[in-house]
Amino acid sequence: MGGLKMGTKKELIKKEFEAPLKELIDPELVLNEAQKASQSLDRILKSKPKKVLINNEQYLEFEDWQTLGEFYGRFVKTDEIELVTINGTLGFKAKAHLFNRQGIEIGGAEAYCMKDEKNWQNKPLFQLASMAQTRAGAKALRNNLAWVAVLAGYRPTPAEEIVDITPENVEATSKEIPQSKPAPKGKPQIALTVSQALQKRAGTNFNVIGKVTDTRERKNKNNRDITDYFLKSLEGSDQIIISKWGKTHEGIREGDTLIFKDISIYEYQGNLTYLAKEIEKV
């Protein structure tokens, strides 16, 4: 009888995967290809008539991540969305799977869109469901290709994950996120994610949003009360500790979504301290 012997079949499978893996470990080859991809991405993004601009920085939308995915033969597919309730809040959860050009699953991501988000409270449920899928798809591509976007000089966070992005903003003519009130000089109005806040350095001021996981009251060297808030990213595992003068903000519980406003970063002996002036419960 014809056919392959078991040993021969295993050898063929082994050879099929060894060749591309061996090629990918050459850093010069990887960087040369990435440079070409990042330059093409930069050219495409700069030519877009409608851009998402936050603090004068352009963010990639889902369609931009899909374009980058095409360069590397990556595409996403989302499962059926799931209606969820978290701490009494209604929303949707979506899961996206990332595939290479051979159809092999190589990654994925989960994302949510909830009614407790400021700009989604009064939206119909189908819009929340759609945004959950969009966020999951963008995040799956971002997890695999963010390094190329950064190489091109862009922020790695998908635009749809940024606070204050709504369907109306995404379809807006200017693509610059509107602010409901004029920004006081030197004070930011847009809340960054925890991961974005961790990239900031001493001397900068910003707002940040996240879920509180713990609080600890203490005294400083002058016996003044100060509270440390342990803040976790709304999506992901990044965490940051933000301090504020005074005792724990009244009514704050574990799991609450908070916005810390006008945060200043101080550096002492190589360690960064984040000090906020105000806290707003979302």
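The values are calculated or read from the model by the stated rules, or taken from the named source; none is laboratory data. Given the structure is predicted, the values throughout are model-derived calculations rather than measurements. Every residue, glycine as well, gets a Cβ built from its backbone with ideal geometry; the counts of neighbours run over all protein chains shown. Accessible surface areas use protein heavy atoms only, side chains included; no ligands, DNA or RNA. Shrake-Rupley method; radii C 1.70, N 1.55, O 1.52, S 1.80 Å.
Q121 - would you say it is touching a residue at least 12 places away in the same chain (Cβ under 8 Å) and at negative phi?
Numbers: touching a residue at least 12 places away in the same chain (Cβ under 8 Å): no; at negative phi: yes.
Here the answer is no, as Q121 does not meet what is asked.
The set of residues in region 240-264 being under 21 Å from the mean Cα position of the chain (by Cα), within 21 Å of T204 (Cβ to Cβ) and surrounded by 16 or more Cβ atoms within 10 Å (Cβ to Cβ) consists of I240, I242, L258, I259, F260, K261, I263.
In this structure, P158 does satisfy being modelled with pLDDT of 80 or more and under 30 Å from F71 (Cβ atoms). Can we say K95 is farther than 16 Å from R142 by Cβ and charged (D, E, K, R)? No, not satisfied. Looking only at residues of region 56-94 that are touching a residue at least 60 places away in the same chain (Cβ under 8 Å) and surrounded by fewer than 13 Cβ atoms within 10 Å (Cβ to Cβ), we find that the one that is nearest to A111 (Cα to Cα) is N87.
In region 19-38, the residue that is modelled with the lowest pLDDT out of those that are among the acidic types (D, E) and open to solvent by 80 Å² or more (accessible area, probe 1.4 Å) is E23.
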